[in-house]
Amino acid sequence: MAQLSLLNISGKDGVRQRLQALRQELHLHAHRYYALDDPILADAEYDRLFQELVALEQQHPELITADSPSQRVGGAPLAQFATVAHSVPMLSLENAFDADDLVDFEERLFRFLQSRAQISYVTEPKLDGLAVELVYEDGLFVLGSTRGDGLVGEEITQNLKTIQTIPLRLLTRDGDGVPRRLEVRGEVFISLAGFKKLNEERGKAGESLFANPRNAAAGSLRQLDPRITATRPLDFYAYGVSDPTPLPCRDQHELLGHLGSLGFKVNPLVHLCQSISEVISQFIRLQDQRPALAYDIDGMVVKVNDFALQERLGAKARSPRWAIAAKFPASQATTRLLAVEFGVGRTGAITPVAILEPVRIGGVTVRRATLHNEDELRRKGLMLGDTVLVQRAGDVIPEVVKPVKENRTGQEQPITMPTTCPECGFSLVRAGQEAITRCPNPNCPAQRVRALIHFTGKSGMDIEGLGKKAVQQLVTQGLIQDIPDIYQLEAESLAALDGWGDKSAENAVRAIEASRTPPLAKFLAALGIRHVGEITAQLLARHFASLARLSLAGEADFLHIEGIGEQAATSLVDYFQDPAVQEMLARLEALGVCVQEEKQDAEADGALAGSVFLFTGGLARLSRHEAKARIKELGGQVASGISRRVTHVVLGDSPGSKLTKARELGLTVITEDEFLRLIDR
Ligand code: IVH
């Protein structure tokens, strides 16, 4: 057959046409086979068409296109992955653990929306795999990436192309257009059967086994050589897009249908629910279905269906308000508590860690589990030698739930909390209501080392060559004590250390040099200020633009930034008021570390750029939260107190003393209607 059709083709245009027809036909049949599980063509016939395509492309390599089904396994191995910034952050989800949590979720929605009108939801099985983003330009798959930290991921286009259920070109019906750019999100996973077979093969080949399907999927996706990825049984379910505006869909349920018609595989167990009680019934039903599923799920994602509502609800720093992950009860096992170790964290927190008799839970061997803090330890009433119930939920650190008191023999020993720091001997303190005991010694070696490791590490300045081991070595050898010391390191002294050479020393010094002009957000995250992670650091950087401005801010200034809470605000003020911190920052500056200014929110080119709003009294037509979010979107700012900086005072009902002061200062006062017109509602 293949031969016959080859003979029928004459001229380059003929070849091009035949290739196009073959690709289209192969795409359609692959979609029916892989995504719909409903083939209408015999396997042998499909293979013949595929071979014809490959043979024709071999004769005319100049006519090979990126979306050709032959190109799934192409590409040479990479030296390393490039990074990709997501145009819209890939957020994570808050968790609900039972029906009450789901009811609370809906209550929060009602409160935020200031209405108890009925809300519909879409429920989707929460696959335990890896979130990825697929970028399509004019219908062609051009870029694929991992979620990474949510803001920046790794580019894995070639690896994703090897997954048969990821369309290389979006399917369209005749005449239907596709958006210029579409960013599809979903989960890459390996089925239980695929996992079992893969591990059997690895066992036979004497290779190490994967602990669970999730690790197998992660390991397979992060291969530098796409030919290895191509041998792994990876699969993909689409569950969303970064921005639905260019699509003809008003809600999540329509979107999932639309993604299906574009050629994606969409989980058949998604469900449209008209109330939270229907969601809860679906959660129970899914738990029953779970053991019979072909793949691992660790819960059910609940999403507000309507896109307009989703938009009004918006997001917090890490997670959208319109969705939640209802998690299944964790897998548990019992084992023996052998000992308790006390660790010292970067901020001096003393954390008890349970040392356990090794036990298998949910596919992995657990030897250590967190006991969180002293209060938790006391509350649980644990004793050394106890039989304990241990649980693991998803990728959360295993934890000790409780002792099995019935198993006690009388031989168990009480656990004593240390009164002095296990690393530096300082007397430990417990501040006020805090559940955490801390080592107050700012020079505690354990804290210093951890702070330095954090500073140079991936969530900090990411200085290559200064990983955990290297930093520990530099501290032990007395080469560094604090952050500024890093910028005084010389290649010569590094090269003289055990395990270092001229080359690695030079590389490290070069990496240190390159980190002398960090963006503000990166630098802030690297400092390891309590309650200030990467996302909060980004919010701060965008708001304050410069380190100088930020370090002078008061608690109120922090609190009116959307996404920043009280704990972070207090911690920031304490941090920048600490003379030791001020000295450290001055030393860094003297050593030539120059933190880059960030583009400020208000400098963005929004319609409200440069405007600062202050609200007084309640608003009738939208919540303060919504109003603030909309102002931010348009590049404006919101003040929490009256000052000359304020450009518009928005007058609500029963305005307070702010109005009198505003009048005294001669500020512009506008009504809610005028405000709505400004934000175009
Ligand atoms: S929606 C903004 N839908 O769960 C909404 N996530 O913690 C964010 N996941 O990283 C994701 N199945 O890996 C969504 N049907 C589903 C999902 C799902 C699995 C994972 C995903 C994400 C994590 C969120």
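The values are calculated or read from the model by the stated rules, or taken from the named source; none is laboratory data. Keep in mind that this is a model prediction, so the values were computed, not measured. Counting neighbours? That spans all protein chains shown, and the Cβs are built from the backbone with ideal geometry, glycine included. Just the protein is used for accessible areas: all its heavy atoms, side chains included, with ligands, DNA and RNA removed. Shrake-Rupley method; radii C 1.70, N 1.55, O 1.52, S 1.80 Å.
Quick rundown of the values:
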item: Label-point separation in nm, R367 to R48, each point 7 Å along Cα→Cβ; result: 5.8
item: Order by protection proxy (mean Cβ within 10 Å, highest first), peptides 147-153, 565-571; result: 147-153, 565-571
item: The range 510-596, accessible surface, carbon-and-sulfur percent (1.4 angstrom probe); result: 52
item: Hydrodynamic radius of the chain per Kirkwood, over alpha carbon pairs, in Å; result: 29.1
item: Distance (nanometres) between label positions extended 7 Å along Cα→Cβ at M417 and T83; result: 3.9
item: Gain upon complete extension [R181, E341; 0.36 nm per residue less C-alpha separation]; result: 52.4 nm
item: Residue order for T172, T456 - accessible surface, 1.4 angstrom probe, largest first; result: T172, T456
item: Probe 1.4 Å, all protein chains present, accessible-area order of K380, K599, largest first; result: K599, K380
item: Cα pair distances in the range 1-130, grouped into 10 Å bins until the bin that holds the longest one, percent each; result: 9, 24, 19, 17, 16, 11, 5, 0
item: Estimated FRET transfer efficiency when R0 is 45 angstrom, pair R408-E562 (beta carbons, to 0.05); result: 0.35
item: Extension gain, Q58 back to D462 (0.36 nm per residue minus Cα-Cα distance, nm); result: 141.0 nm
item: Order by protection proxy (mean Cβ within 10 Å, highest first), peptides 577-585, 422-430, 352-360; result: 352-360, 422-430, 577-585
item: Cβ-based charge dipole, the range 131-253, positive-most Cα from L182, Y239, C249; result: Y239
item: Label point distance in nm, N443-V73, each placed 7 Å from Cα along Cα→Cβ; result: 6.2
item: Gain on full stretching of the segment that runs from R663 to E137 - 0.36 nm per residue minus C-alpha separation; result: 184.1 nm
item: Zone residues, the range 471-496, relative to A580, backbone N less than 18 Å from point 7 Å out along Cα-to-Cβ; result: 475-476, 480-486
item: Qualifying lysines (Cα of each under 29 Å from Cα of K468; at least 8 residues distant if same chain); result: K458, K503, K522
item: Accessible surface, per residue, of the chain when the full set of protein chains is kept, probe 1.4 Å, Å²; result: 50
item: FRET efficiency estimate (nearest 0.05) - Cβ-Cβ, D38 to L272, R0 22 angstrom; result: 0.45
item: Relative packing of peptides 198-210, 247-259 - highest average C-beta neighbours within 10 Å first; result: 247-259, 198-210
item: Amide H contacts under 5 Å for V669, placed H, 5+ residues apart; result: V649
item: Per-residue [θ]222 nm for the chain (sum of -39500 (n - 2.57) over DSSP H runs n ≥ 4, rounded to 500); result: -10500 deg cm²/dmol
item: Whole-Å semi-axes of the ellipsoid equivalent to the range 479-553 (Cα gyration tensor, √5λ, descending); result: 31, 12, 11
